[in-house]
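Everything on this sheet refers to the single structure shown next.
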Amino acid sequence: MKILNYIDGTHFPAESNEWLENVNPATGSVFSQIASSHKPDVEKAYQAAEKAFPVWSGMSKQERSEILLKISQGITENLEELALAESTDNGKPLKLAKSVDIPRAASNMAFFATAILHDSQKAYEMDGLAINYTQRKPLGVVGCISPWNLPLYLFTWKIAPALAAGNCVVAKPSEVTPYTAFLFSKICQEAGLPVGVLNIVHGLGPNVGQAIVEHPNIKAISFTGGTKTGEQIAKIAAPMFKKLSLELGGKNPVMVFDDCDFDQMIKGVVRSSFANQGQICLCGSRIYVQKGIYDRFIQAFLERVKKLKVGNPLAEDTKVGALVSEPHLEKVMSYIELAQEEGGEILHGGNRVYPEGFEKGFYLEPTVIAELNTCDRVNQEEIFGPVVSIIPFENDTDVLAQANDTQYGLTAVLWTQDLTRAHQLAHQLDTGIVWINTWLLRDLRTPFGGAKNSGVGREGGFKALHFFTEEKNICIRI
Ligand code: TXE
């Protein structure tokens, strides 16, 4: 199979006719070829987007909304095929792709398709002297760059608000997981999205991603990925005064207090540790447990973790699939080695798994480490795999200081029945999101993003729509 670019409503190989191999992480074998594009392909995509802009931005919101809703419906109708593609490309359990990734991609499209109909602007009256109102215009051509962990979910999370607001898009999915974006382009065609409105260019980050960021007429960049890549993007985009929305890494603390609902908490912490093989920027990788329940926690947590079945992502009972690629597996395993060098004790896991019939896949046991301190590298750097570290704590002050002690500030999770404590800590945590007695419960209207080195700006709700617009104040003398 060949994964082609989608430019000006047509599928093309890269101009250079170069290809990248696409590997199925579950089997370790190549299953498709990806167009390996470069600057000229990005330029072609930009030209198509620029040409389409007057038509798309000139349509009524209602017309745009109807097309985006058709795309959402197309995703739902093709759920089985998209879920299988996502699992094959990424290694995630098929069940997860079916229940989370693909339905969420459909919701992203539907959410912004309808949000655009309900947006409104403020007016500012000046004591009978004048009235100001605000006009919001689409920016023009914008760039969306997405990662491999939640491929279609995050791809649509960016392009849906960009398109709804009236922009045309040059988008680049991760070269590691381009399959669902390719299928998505066909859904857009069938839904009647005018040609050139969305252009998808496949290829490597430093070739395609960088060409999008460097393009002088691409007015805004919405990026989700690693913090280092975010830094490079910011360096290029800043002198051109581009708008930037950056969703970057995390090293999220989970705080478990003596007074929590123990059963709910254990289920929740297993999920926040190992969902999607721990490859979600929102996963909790530092688990702080209050001393009074530390031993009970370790016993109950390990009991559950040992039951998580690792293996073939397509099997019904698989809970932990394959990691996304061999280099990524190696990166994650290097942190397990580092943990031991730093004095950590592996309570469970730590080894590569070779399931029968899938020996060449990239599987790793869910890994639980103890005896490390917050300042150790394993507790400071993003591992982005099924690896968690458990650290005991005394009291609220102690845990708050440790939770905030990293360069990251994406999410934090509190497990406690004490509402006062929950509010007090939630207010003092330096993160963009705090979940209390839950994890990854998402309302698409809420601001989504990180503090500190976890990002710049917020996605979600009207904020995401507004990011893709230019605001104009219009003042009328009465
Ligand atoms: O991400 P990259 P990688 C973290 C995670 C992971 C690390 C590296 O810790 O181990 O980042 O992963 C494109 N200009 N996250 O290297 O490279 C790239 O092609 C423009 C956290 O896979 O940041 C892809 O489409 N674009 C994370 C996208 O950027 C460039 C999700 C993200 O890939 C580029 C993924 C460049 N110079 C990884 N270089 C999260 N926040 O959820 C690469 N890209």
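Placing one identical point scatterer on every Cα of region 157-198 and ignoring solvent, what is log10 I(q)/I(0) from the Debye formula at q = 0.16, 0.17 Å⁻¹?
-0.42, -0.47
Any chance you could tell me what percent of the C-alpha pair distances in region 308-349 go past 17 Å?
Everything past 17 Å amounts to 49 percent.
Pop the C-beta distance of Leu117 and Thr10 into the FRET formula with R0 = 35 Å and round what comes out to the nearest 0.05.
It comes out at approximately 0.70.
Between Ala315 and Val55, 0.36 nm times their residue separation minus their Cα-Cα distance comes to what?
89.0 nm
Under a 5 Å amide H to amide H cut-off, with H placed in plane at 1.01 Å, what residues pair with Gly196 once short-range neighbours are removed?
Asp8, Gly9
Take the Cα atoms of region 187-268, find their three principal axes, and give me the spread along each one in whole Å, biggest first.
The Cα atoms of region 187-268 stretch 55, 39, 22 Å along the principal axes, largest first.
Which semi-axis lengths, in whole Å and largest first, follow from the square roots of five times the eigenvalues of the Cα gyration tensor of region 118-262?
For region 118-262, the ellipsoid semi-axes come out as 29, 26, 18 Å.
Which Rg and Dmax, in Å, describe the Cα atoms of region 65-156?
18.9, 63
Calculate the spin-label point distance for Gln407 paired with Thr420, positioning each point 7 Å from the Cα along the beta-carbon direction, and give it in nanometres.
With each label placed 7 Å out from Cα toward Cβ, I get 3.9 nm.
Percent of Cα-Cα pairs more than 45 Å apart in the chain, please.
More than 45 Å apart: 13 percent of the Cα pairs in the chain.
Rounded if a/c is under 1.5, else prolate if a/b is larger than b/c, else oblate: which is region 1-117, with a ≥ b ≥ c the root eigenvalues of its Cα gyration tensor?
oblate
Rounded to the nearest 0.05, what FRET efficiency do Asp259 and Phe462 give with R0 = 35 Å and r taken as the Cβ-Cβ distance? Could you check?
It comes out at approximately 0.40.
Would you calculate the volume per residue, in Å³, of the smallest convex hull containing every Cα atom of region 138-183?
Dividing the Cα hull volume of region 138-183 by its residues yields 59 Å³.
Which whole-Hz couplings ³J(HN,Hα) result when phi for each residue of region 417-434 is put into the Karplus expression 6.51 cos²θ - 1.76 cosθ + 1.60, θ = phi - 60°, listed in order with x for Gly and Pro?
Computed from phi, the couplings for region 417-434 are 9, 8, 5, 5, 4, 4, 5, 4, 5, 4, 6, 9, 6, 8, 9, x, 9, 10 Hz.
What angle, in degrees between 0 and 90 and rounded to the nearest 10, separates the Cα long axis of helix 326-341 from the longest principal axis of the Cα atoms of the chain?
40 degrees
Karplus couplings for region 156-170 from phi (6.51 cos²θ - 1.76 cosθ + 1.60, θ = phi - 60°), rounded to Hz, Gly and Pro as x?
6, 4, 9, 6, 4, x, 4, 5, 4, 6, x, 8, 9, 10, 10
Convert 25 °C to kelvin, take the viscosity as 0.890 mPa s, use the Kirkwood radius over C-alpha pairs of region 353-406 as Rh, and evaluate the Stokes-Einstein diffusion coefficient in µm²/s, rounded to a whole number.
The diffusion coefficient I find is 184 µm²/s.
State the extension gain, in nm to one decimal, for the chain segment bounded by Asn473 and Asn132, taking 0.36 nm per residue of separation less the distance between their alpha-carbons.
Contour length minus Cα-Cα distance gives 122.1 nm.
With the calculation restricted to Cα positions, what are the radius of gyration and Dmax of region 255-339 in angstrom?
14.3, 41
Taking a cut-off of 16 Å between Cα atoms, list the aspartates and glutamates near Lys463, but don't count ones fewer than 8 places away on the same chain.
In chain and number order, the partners are Asp119, Glu247, Asp443, Glu471.
May I ask you to derive the relative contact order of the chain, considering only C-alpha pairs under 8 Å and at least 6 residues apart, and to give it as an integer percent?
19 percent
Please report the Cα spread of region 371-477 along all three principal axes, rounded to whole Å, starting with the longest.
The Cα atoms of region 371-477 stretch 66, 32, 24 Å along the principal axes, largest first.
Of the cross-linked pairs Lys158/Lys243; Lys331/Lys452; Lys44/Lys472; Lys92/Lys360, which ones have a Cα-Cα span greater than 19 Å in the structure shown?
Lys331/Lys452; Lys44/Lys472
Using only alpha carbon pairs under 8 Å that are at least six residues apart, calculate the relative contact order of region 248-365 and give it in whole percent.
Taking the mean separation of contacting Cα pairs over the length of region 248-365, I get 22 percent.
State the Cα centre-to-centre distance between region 404-478 and region 1-66 in whole Å.
Region 404-478 and region 1-66 have Cα centres spaced 32 Å from each other.
Can you tell me the relative contact order of region 178-329? Whole percent, Cα pairs under 8 Å, sequence separation 6 or more.
15 percent
How much FRET efficiency would the formula 1/(1 + (r/R0)^6) give for Asn373 and Met240, where r is the Cβ-Cβ distance and R0 is 45 Å, rounded to 0.05?
0.60
Any read-out appearing in this document is the output of simple, stated calculations on the displayed coordinates, not a laboratory observation. Quantities reported herein were computed from a predicted structural model and do not represent experimental measurements. Glycine gets a Cβ as well: all are built from the backbone with ideal geometry, and neighbour counts include every protein chain shown.
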